[in-house]
Every structure is written in C-alpha cells, then in structure tokens.
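Participant: My questions will all concern the structure given below.
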Amino acid sequence: MPIILTQTDTTVGFLSQNDSKLFEIKSRPQTKPFLKVYNTLKTFKKDFKRVPSSHKKSFRRSKKTTFVVKNQALRIAPFSLNSKYLREFCWHYSTSANESGKSFERNFCEDKSDIIIENRERLFETKSSKIYKINKSKKRRLR
C-alpha cells in the first residue's frame, strides 16, 4: 500500500493502510498506534465493534474530533478533497505529515510519500483534532 500525502480534514497528513511504513517514516515507537480514519459511519460500523452507548450521539455528530476507545484511536472524516483515488478506500491509518516532534516540512514529506494529492490551496498545516478518551461512563479530553 502506498503512502499518500494529502490535506486531511484537520491538517496535512500521511495516509496509508500499511502502518509499518508509517512507523518507519515517522521513526515512531511501535507501541504508539496510529489513528484510524473511516470515510463514513457505515464503514466504521463494519470494521469496529461499537462505541459505548452513552457516547454514541457525540461520536456521530463530532467534527474534527478523535476518540480513543479501548486504546484504539479512531475518527469519522469524509475526505476533504474530491479524489477518486481516496474514495476507493474505506479507511486509512493517519498521522501528521512531519517528522516526530517537528513541524510540516514539504521537502521531507514529498520524499517520504508515494502519492501526493492536493488542490489549488496547496498543503498547509492547521490545528490538529481534539482527542477524547471514552469508556462506558467517562469522557476525558487528552488534547
């Protein structure tokens, strides 16, 4: 699976269905898993078991928000670019397009990616998503 560099709903990101390539690019410890982004709620339901009942409503209605359920980070985010290639996939592992702990650097990202998808607005860094850890009874903000 290729590494895709694109503008996500929150910031510039690497997308791939191969998390081992992403670990290599980011020089990230394998104990820190990547976010899994689904393009629709329907595809999420096919893959993931369930969200605690007390949080279903906020999960469905959330925008630019990541949820950690049973130590797995996930988000529903339709692709912000109208790309036929991206629509072919129901989900991707996602991470910010930078070296761990550094800011976006276009040359680094272009060297590490196999496919670059962008529109006229180009690639730009913006505020990252909010992250909430949820379980049956609690919702705690992590970022």
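Participant: Which residue pairs have Cβ atoms under 7 Å apart, sit 6 or more places apart or on different chains, and have a first residue in region 49-68 that is at negative phi and a second that is assigned to a helix (DSSP H, G or I)?
Facilitator: From region 49-68, the pairs are Val51/Phe59; Arg60/Leu41; Phe67/Phe59.
Participant: Which residue is surrounded by the most Cβ atoms within 10 Å (Cβ to Cβ), if the candidates are limited to region 77-96 and must be at pLDDT below 85 and hydrophobic (A, V, I, L, M, F, W, C)?
Facilitator: Among residues in region 77-96 that are at pLDDT below 85 and hydrophobic (A, V, I, L, M, F, W, C), the one surrounded by the most Cβ atoms within 10 Å (Cβ to Cβ) is Ala77.
To keep it simple, each residue is scored yes or no on (1) under 26 Å from Ser137 (Cβ atoms); (2) part of a strand (DSSP E or B); (3) touching a Pro at 6+ places or on another chain (Cβ under 8 Å); (4) not β-branched (Val, Ile, Thr).
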position: Met1; (1), (2), (3), (4): no, no, no, yes
position: Phe14; (1), (2), (3), (4): no, yes, no, yes
position: Lys21; (1), (2), (3), (4): no, no, no, yes
position: Val51; (1), (2), (3), (4): yes, no, no, no
position: Lys56; (1), (2), (3), (4): yes, no, no, yes
position: Thr66; (1), (2), (3), (4): yes, yes, no, no
position: Arg75; (1), (2), (3), (4): yes, yes, no, yes
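Participant: Lys32 - would you say it is assigned to a loop (DSSP other than H, G, I, E, B), farther than 18 Å from Lys139 by Cβ and either of a type outside the set (Gly, Ala, Ser) or touching a Pro at 6+ places or on another chain (Cβ under 6 Å) (or both)?
Facilitator: Criteria met by Lys32.
Conditions tested, residue by residue: (1) basic (Lys, Arg); (2) under 21 Å from Glu125 (Cα atoms); (3) surrounded by 21 or more Cβ atoms within 10 Å (Cβ to Cβ).
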residue	(1), (2), (3)
Pro2	no, no, no
Gln7	no, yes, yes
Ser16	no, yes, yes
Phe23	no, yes, no
Pro29	no, no, no
Phe34	no, yes, no
Val37	no, yes, yes
Thr43	no, no, no
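The values are calculated or read from the model by the stated rules, or taken from the named source; none is laboratory data. Source: prediction; values computed, not measured. Backbone-built Cβ (ideal geometry, glycine too); neighbour counts: all protein chains shown.
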